[in-house]
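Please read the structure below before turning to the comments.
The values are calculated or read from the model by the stated rules, or taken from the named source; none is laboratory data. Since the structure is predicted, the reported quantities are computational estimates derived from the model, not experimental observations. Every residue, glycine among them, receives a Cβ derived from its backbone with ideal geometry; neighbour counts consider all protein chains shown.
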Amino acid sequence: MAPQLELLAWALIIFGASAAIYRALVSALRADPTLAASALYLVLLTVSQYAASKVTEYLWFGVPAGTATYVATVAMLDIIVMREGFDYAKGLIAMGLASQALVSVTNISVLSMPTLSAPEDVYGYVFGVSARVALASAAAYLAAELTDAYVVFRVRRAIWKRVLYSDPVAMAVDTLIFVPLAFYGVLPEGTLLSTMLGLVLAKWSLSPMVLGLVYANRRFLLRDVYGTGAHRRLAAQ
C-alpha cells in the first residue's frame with residue numbers, strides 16, 4: 001500500500017473497531033447508548049492527544065497521526081447530540097476539556113519524575129507538549145465541538161443530512177483555529193498554509209466514515225434504556 005494512503009486504511013480499522021465496540025456495548029451488554037458513546041468519545045479524545053505527537057503522510061501533506069481518532073470522536077458526539085440534545089453535549093464537551101487538562105497535568109508530573117533507564121527525551125517526545133500548542137488545542141477543541149453539536153442539533157432533518165452538514169464545518173473550524181494559534185511565526189507561511197490545507201482535506205476525506213458509523217448504529221439512537229426520553233426527542237425532530 002502506498003504510504004500516502006496508510007492513514008486511510010488505519011482510519012477504516014479505527015472506525016470499524018469503534019462501531020463494533022459500540023454495538024457490542026449497546027446490543028450485547030445492553031449498555032445505555034448515550035453512556036457508551038460518551039465513554040468512547042472521551043477515550044478517543046485522549047488517544048488523539050497522544051497520537052498527534054507523530055506526523056505522518058497523507059496524500060501530499062503531512063498530518064498528525066491522531067487525525068483518524070479525532071474524526072471518530074466527531075461521530076460519537078453526533079450520536080450523543082441526536083439522542084440527548086445540545087445542552088447535554090455542552091456538558092460532555094466541558095468534561096472532555098477537563099479530562100484533557102487532567103491528562104496534561106499528569107504528563108507534566110510524569111516528565112518531572114526521575115528516570116532509571118531510557119533517555120529523558122524519549123519520554124519528552126510522548127508526554128511533552130508546549131504551552132502554546134496546549135492552549136491552541138483547547139481553543140480549537142471548544143470551538144469545533146460546540147459548532148458540531150450546535151449544527152447537528154439545529155438541523156432538524158434526516159440523520160445523514162445532519163452529519164454531512166455539521167462535520168465538515170466543525171473540522172474546518174478546528175483546523176483554522178489550531179494551526180495558526182499553535183504554529184504562526186514558527187512555521188514558514190507556505191508550510192503553515194500547506195499544513196492547514198492538508199489537515200482540512202484529510203478530515204473531510206474521512207467524513208463519510210463518520211456517516212457510516214452513525215448510520216450503522218441508527219437503530220440505537222431511538223433506544224430508551226433508563227427512561228430519559230431521548231428516543232422521543234429524536235423521533236420528534
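Might you check whether a residue that is surrounded by 17 or more Cβ atoms within 10 Å (Cβ to Cβ), out of contact with any strand residue (DSSP E or B) (no Cβ under 8 Å at 6 or more places or on another chain), acidic (Asp, Glu) and under 23 Å from Ser205 (Cα atoms) occurs anywhere in region 81-102? The answer is no, given that none of the residues of region 81-102 is surrounded by 17 or more Cβ atoms within 10 Å (Cβ to Cβ), out of contact with any strand residue (DSSP E or B) (no Cβ under 8 Å at 6 or more places or on another chain), acidic (Asp, Glu) and under 23 Å from Ser205 (Cα atoms). Tell me, which helices (runs of 4 or more DSSP H) lie completely within region 136-237 with 1 or more residues that are at pLDDT 80 or above, polar (S, T, N, Q) and touching a helix residue (DSSP H, G or I) at 6+ places or on another chain (Cβ under 6 Å)? So the answer is 159-183, 189-216.
Within region 142-167, residues that are of a type in the set (D, E, K, R) reach partners that are modelled with pLDDT under 85 and part of a loop (DSSP other than H, G, I, E, B) with beta carbons closer than 6 Å, at six or more positions or on different chains, in the pairs Arg156/Gln237. Considering (1) at pLDDT 85 or above; (2) closer than 20 Å to Ala170 by Cα, the lone condition that Val26 does not fulfil carries the number (2). Just one residue in the set Gly62, Gly16 is surrounded by fewer than 19 Cβ atoms within 10 Å (Cβ to Cβ), in a strand (DSSP E or B) and among the small types (Gly, Ala, Ser); that residue is Gly62.
Restricted to region 1-13, and to residues there that are surrounded by 14 or more Cβ atoms within 10 Å (Cβ to Cβ) and free of Cβ contacts under 8 Å to residues at least 60 places away in the same chain, the residue that is farthest from the chain's Cα centre (by Cα) is Glu6. Once region 19-41 is narrowed to residues that are out of contact with any helix residue (DSSP H, G or I) (no Cβ under 6 Å at 6 or more places or on another chain) and among the aliphatic types (A, V, I, L, M), the residue that is surrounded by the most Cβ atoms within 10 Å (Cβ to Cβ) is Ala39. Report whether or not Asp121 is of a type outside the set (Phe, Trp, Tyr) and either under 24 Å from Leu192 (Cα atoms) or at pLDDT 85 or above (or both). Taking the combined requirement at face value, the residue does not satisfy it. So, in region 140-189, exactly how many residues are hydroxyl-bearing (Ser, Thr, Tyr), surrounded by fewer than 18 Cβ atoms within 10 Å (Cβ to Cβ) and closer than 18 Å to Leu213 by Cα? Summing the residues that are hydroxyl-bearing (Ser, Thr, Tyr), surrounded by fewer than 18 Cβ atoms within 10 Å (Cβ to Cβ) and closer than 18 Å to Leu213 by Cα in region 140-189 gives 1.
Run down Leu42, Leu25 and say which single residue is among the hydrophobic types (A, V, I, L, M, F, W, C), assigned to a helix (DSSP H, G or I) and free of Cβ contacts under 8 Å to residues at least 24 places away in the same chain. Selected residue: Leu25, the only one of Leu42, Leu25 that is among the hydrophobic types (A, V, I, L, M, F, W, C), assigned to a helix (DSSP H, G or I) and free of Cβ contacts under 8 Å to residues at least 24 places away in the same chain. For region 42-59, the set of residues classified as buried (at least 17 other Cβ atoms within 10 Å of the Cβ), among the polar types (S, T, N, Q) and farther than 16 Å from Val74 by Cβ consists of Thr56 only. Inclusion of Ala31 among residues that are more than 18 Å from Leu211 (Cβ to Cβ), out of contact with any strand residue (DSSP E or B) (no Cβ under 8 Å at 6 or more places or on another chain) and not in a helix (DSSP H, G or I) is warranted.
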